[in-house]
Amino acid sequence: MQDIIISHNLEADLTKAVGRIAPDRLFVLADETTAVFCWPVIRDFEALRNAHLITIGATDEAKTLDTLATVWQQLGEGGATRHSALINLGGGMVTDLGGFAASTFKRGMAFINIPTTLLAMVDASVGGKTGINFRGLKNEIGVFSDADTVILSTPFLRTLDSHNILSGYAEMLKHGLISTAEHWKKLLTFDICGILPQIGTVGGPDCDDKQPDRSERYAALASLVEESVGVKEHIVSEDPHEQGIRKALNLGHTIGHAFESLALLKGRPVLHGYAVAWGLVCELYLSTKLTGFPRERFYATIQFIKENYGTMALDCREYDRLYDLMTHDKKNVAGRMNFTLLGDIGDIRINQQVSKDDIFEALDYYREN
Ligand code: GLY
């Protein structure tokens, strides 16, 4: 089981995490962005004195077998052994690919995740899912393998633009929906606009950036992040390999992944969390219709999503294509789609079968509201 640390002293916590492994050689994996903005934050730590930096491309397009091979090669050339360690410094792409590279190099070396995006802090870096995209399919190849330690240092959130904050926040919203009404309510009433660093972003809210100091809001966000990670940590500890309750984390993702893939196929990629937010609208609609999710909670949630995430343009002639994408979802069992729906906040109903007509009705609702 991985150790998850909400860090208030990154140097002390990282030094301790490295010391626990006592590696013979230490490597750091960053992408082209985190190598510039985040690596300088830790580069001079004494514990990283002889660390060897490996840099890869920064977008999901770099999450490939070729990139993985480059990382293996650089580990080999740098003299890595099974007793070495890799620190993954970046968003979900880096923690997923780096975790997979470390877990497979010489049959596995230890790794530490330092997620630098909100999405990676609350989701990707926690729970042991590692992997790469393959033949156009997201996360098609990979293994479950826990990081030795995950260190969450919320000051990295200040390096993010508004799209990336909102993208991570969608997964937090999902955690609210699958946990308690109290946590869900806090997320809906948090002044997310107050910390977004850009004005009038595409598909995002029309926020006033001329706020005084946003420190207090960042502190409030950090506390929500801590709660959110706790929700994920609890679920993953109950079911690390997704045989049952971990499927709760798939809420919003069956239709959300189809939105994400369709956007990619149309050459207009969207951030994962935006697709999840739109998927939540559809899957909460289905929950309201099929499993009794309360209407007022449905309206409150979709209102928040509409205001902050906008809507992806969708034509009803694309429904079949979306449906086809859903039938290829990795989460399907024996060709059957498995939805996770809700009876209420925290009342999780996994393995729900939903008819094509109901899915299309949910898409109609999404398009028309
Ligand atoms: N991202 C969902 C999970 O970790 O299971």
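The values are calculated or read from the model by the stated rules, or taken from the named source; none is laboratory data. Since this is a predicted model, take the numbers as computed values, not measurements. Every residue, glycine as well, gets a Cβ built from its backbone with ideal geometry; the counts of neighbours run over all protein chains shown. Heads up: the accessible areas ignore ligands, DNA and RNA and are worked out on the full protein's heavy atoms, side chains in. Shrake-Rupley method; radii C 1.70, N 1.55, O 1.52, S 1.80 Å.
Can you run down the residue pairs with Cβ atoms below 9 Å, 6 or more apart or on separate chains, where the first is in the stretch 213-225 and among the charged types (D, E, K, R) and the partner is open to solvent by 50 Å² or more (accessible area, probe 1.4 Å) and at pLDDT below 90?
Short answer, once both residue conditions are applied: ARG214/ARG158; ARG217/ASP191; ARG217/GLN211.
Here is a list of conditions, (1) within 26 Å of SER179 (Cβ to Cβ); (2) within 24 Å of the chain's Cα centre (by Cα), and LEU325 meets all of them except one; can you say which number that is?
Result: LEU325 fails condition (1) only.
So, in the stretch 18-41, of the ones that are β-branched (Val, Ile, Thr) and surrounded by fewer than 20 Cβ atoms within 10 Å (Cβ to Cβ), which residue ends up nearest to the chain's Cα centre (by Cα)?
Initial filter on the stretch 18-41 (β-branched (Val, Ile, Thr)): 18, 21, 28, 33-34, 36, 41.
Filter again for surrounded by fewer than 20 Cβ atoms within 10 Å (Cβ to Cβ), leaving 21, 33, 36, 41.
Details: ILE21: 26, THR33: 18, VAL36: 22, VAL41: 23 Å.
The residue in question is THR33.
Kindly evaluate HIS52 against the criterion of being of a type outside the set (A, V, I, L, M, F, W, C), in contact with a strand residue (DSSP E or B) (Cβ under 6 Å, 6 or more places away or on another chain), open to solvent by 40 Å² or more (accessible area, probe 1.4 Å) and at pLDDT 95 or above. Talk me through it step by step, then tell me what you get.
On the way: of a type outside the set (A, V, I, L, M, F, W, C): yes; in contact with a strand residue (DSSP E or B) (Cβ under 6 Å, 6 or more places away or on another chain): yes; open to solvent by 40 Å² or more (accessible area, probe 1.4 Å): yes; at pLDDT 95 or above: yes.
Spelling it out, HIS52 is indeed of a type outside the set (A, V, I, L, M, F, W, C), in contact with a strand residue (DSSP E or B) (Cβ under 6 Å, 6 or more places away or on another chain), open to solvent by 40 Å² or more (accessible area, probe 1.4 Å) and at pLDDT 95 or above.
Going through the stretch 242-288 one residue at a time, which ones are away from the ligand (no atom under 13 Å from the Cβ), farther than 17 Å from SER167 by Cα and open to solvent by 10 Å² or more (accessible area, probe 1.4 Å)?
LEU265, LYS266, GLY267, TYR285, THR288
Restricting to the stretch 96-120, count the residues that are of a type in the set (S, T, N, Q) and away from the ligand (no atom under 16 Å from the Cβ). Walk me through it before giving the result.
Kept after step one, since they are of a type in the set (S, T, N, Q), are these residues of the stretch 96-120: 103-104, 113, 116-117.
Now drop any that are not away from the ligand (no atom under 16 Å from the Cβ), which leaves 104, 116.
Adding up the residues that qualify gives 2.
If you go through the stretch 304-318 one residue at a time, do you hit one that is of a type in the set (D, E, K, R), open to solvent by 20 Å² or more (accessible area, probe 1.4 Å), within 13 Å of the ligand (Cβ to nearest atom) and in contact (Cβ under 8 Å) with a residue 60 or more places away in the chain?
Within the stretch 304-318, none of the residues are of a type in the set (D, E, K, R), open to solvent by 20 Å² or more (accessible area, probe 1.4 Å), within 13 Å of the ligand (Cβ to nearest atom) and in contact (Cβ under 8 Å) with a residue 60 or more places away in the chain.
To keep it simple, each residue is scored yes or no on (1) more than 14 Å from the ligand (Cβ to nearest atom); (2) farther than 23 Å from ILE6 by Cβ; (3) open to solvent by 30 Å² or more (accessible area, probe 1.4 Å).
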| position | (1), (2), (3) |
| --- | --- |
| GLY91 | no, no, no |
| VAL94 | yes, no, no |
| VAL122 | no, no, no |
| ILE132 | yes, yes, no |
| GLY136 | yes, yes, yes |
| ASN139 | no, yes, yes |
| ASP148 | yes, no, yes |
| THR154 | yes, no, yes |
| GLU171 | no, no, no |
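What pairs come up if the first residue lies in the stretch 346-369 and is open to solvent by less than 60 Å² (accessible area, probe 1.4 Å), the second is among the small types (Gly, Ala, Ser), and their beta carbons are under 8 Å apart, counting only those six or more places apart or on different chains?
GLY346/SER179; GLY346/ALA181; ILE348/ALA248; ILE350/GLY244; ILE350/ALA248
Condition first: surrounded by 14 or more Cβ atoms within 10 Å (Cβ to Cβ), more than 10 Å from the ligand (Cβ to nearest atom) and without any contact (Cβ under 8 Å) to a residue 12 or more places away in the chain. Now tell me which residues in the stretch 230-241 satisfy that.
Initial filter on the stretch 230-241 (surrounded by 14 or more Cβ atoms within 10 Å (Cβ to Cβ)): 230-233, 235-236, 239-240.
Imposing the further condition that a residue be more than 10 Å from the ligand (Cβ to nearest atom) reduces the set to 230-231, 233.
Once the filter is applied, which keeps residues that are surrounded by 14 or more Cβ atoms within 10 Å (Cβ to Cβ), more than 10 Å from the ligand (Cβ to nearest atom) and without any contact (Cβ under 8 Å) to a residue 12 or more places away in the chain, the stretch 230-241 yields only GLY230.
Only one of these is of a type in the set (Val, Ile, Thr), modelled with pLDDT of 95 or more and over 23 Å from HIS183 (Cα atoms): ILE255, ILE302. Name it. Spell out how you get there, then give the answer.
Details: ILE302 fails: over 23 Å from HIS183 (Cα atoms).
After ruling out the rest, the residue left standing is ILE255.
Of (1) within 18 Å of ALA110 (Cβ to Cβ); (2) in contact with a strand residue (DSSP E or B) (Cβ under 6 Å, 6 or more places away or on another chain), ILE42 satisfies all except one. Which?
Checking ILE42 against (1) within 18 Å of ALA110 (Cβ to Cβ); (2) in contact with a strand residue (DSSP E or B) (Cβ under 6 Å, 6 or more places away or on another chain), the one that fails is (2).
Can you report the number of residues in the stretch 103-119 which are of a type in the set (Gly, Ala, Ser) and without any contact (Cβ under 8 Å) to a residue 40 or more places away in the chain?
At the first step, the residues of the stretch 103-119 found to be of a type in the set (Gly, Ala, Ser) are 103, 108, 110.
Those left that are additionally without any contact (Cβ under 8 Å) to a residue 40 or more places away in the chain: 108.
Of the residues in that region, 1 qualify.
Just to be sure I understand, how many residues within the stretch 328-350 are over 18 Å from ALA258 (Cα atoms) and under 26 Å from the mean Cα position of the chain (by Cα)? Before the answer, list the steps.
Restricting attention to the stretch 328-350, the residues satisfying the condition of being over 18 Å from ALA258 (Cα atoms) are 334, 342-350.
Narrowing the set further to residues that are under 26 Å from the mean Cα position of the chain (by Cα) leaves 342-350.
Qualifying residue count for the region: 9.
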